[in-house]
1. Looking at region 84-98 only, could you name the residues that are farther than 16 Å from LYS56 by Cβ, among the charged types (D, E, K, R) and touching a residue at least 40 places away in the same chain (Cβ under 8 Å)?
2. Among the strands (runs of 3 or more DSSP E) contained in region 58-175, which hold 1 or more residues that are exposed (fewer than 12 other Cβ atoms within 10 Å of the Cβ)?
Amino acid sequence: MKAPLHFQDTTDRLVVRSPYTLARGLHCEMPGQQKTNYEIRPGLARDAEDVRLLAKDLTTAFPFNHHAFRRSYSSVLENPSATLLVAGRETRVIGYLLGYGHSTSWAGANVSWVEELFVNGPQRGHGIGRALMSAVESQARNAGGRLVCLITRRATESYRAIGYEELAVYLRKTL
């Protein structure tokens, strides 16, 4: 059962006292745990190096290409269909989520795809991934979305714990 959200307005931020969060510019405090404050906000150009350091540890299927990352990061920031959220603590990014929204005929509404979600190893288990997912779900819902979809190899149980279900088989063809 999800704990209720408690909000406290602090100028341009909200303090969230729960492992669940929504939207951008949120400062999160997890009750009953060691202090694990972080902020969920849109990714910015200044976050590129921190996100690159996380992204290089995400990929297992292809060698990480630093030059391609730099090109694609700029493209993501300029793409109105893209959502790049970062979880930050002080001045460093400790997790990120990259997703895309698009219209579909089969769902009868917008669908959002989470392409990448990664939290720095020592920061895992503190609700950061859950908070990033909650934020993208909120954005999708507010944009008239019907589904948030993703593909995972290593985190199936984590996604099930926040309400995701297996539905299809993922096929691919490397070009």
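1. Of everything in region 84-98, just one residue is farther than 16 Å from LYS56 by Cβ, among the charged types (D, E, K, R) and touching a residue at least 40 places away in the same chain (Cβ under 8 Å), namely ARG89.
2. Numbers: elements: 82-89, 92-103, 110-119, 145-150.
Qualifying strands (runs of 3 or more DSSP E): 92-103.
Yes or no, residue by residue, for (1) touching a helix residue (DSSP H, G or I) at 6+ places or on another chain (Cβ under 8 Å); (2) more than 13 Å from THR83 (Cβ to Cβ); (3) of a type in the set (Val, Ile, Thr):
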residue	(1), (2), (3)
VAL136	no, no, yes
GLN139	no, no, no
ILE151	no, yes, yes
GLY163	no, yes, no
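Computed from the coordinates by the stated procedures, all read-outs in this text should not be read as laboratory data. Worth saying up front: this structure is predicted, and the values here are computed from it rather than measured. Quick reminder, even Gly has a Cβ in these numbers, built from the backbone with ideal geometry, and neighbours come from all protein chains shown.
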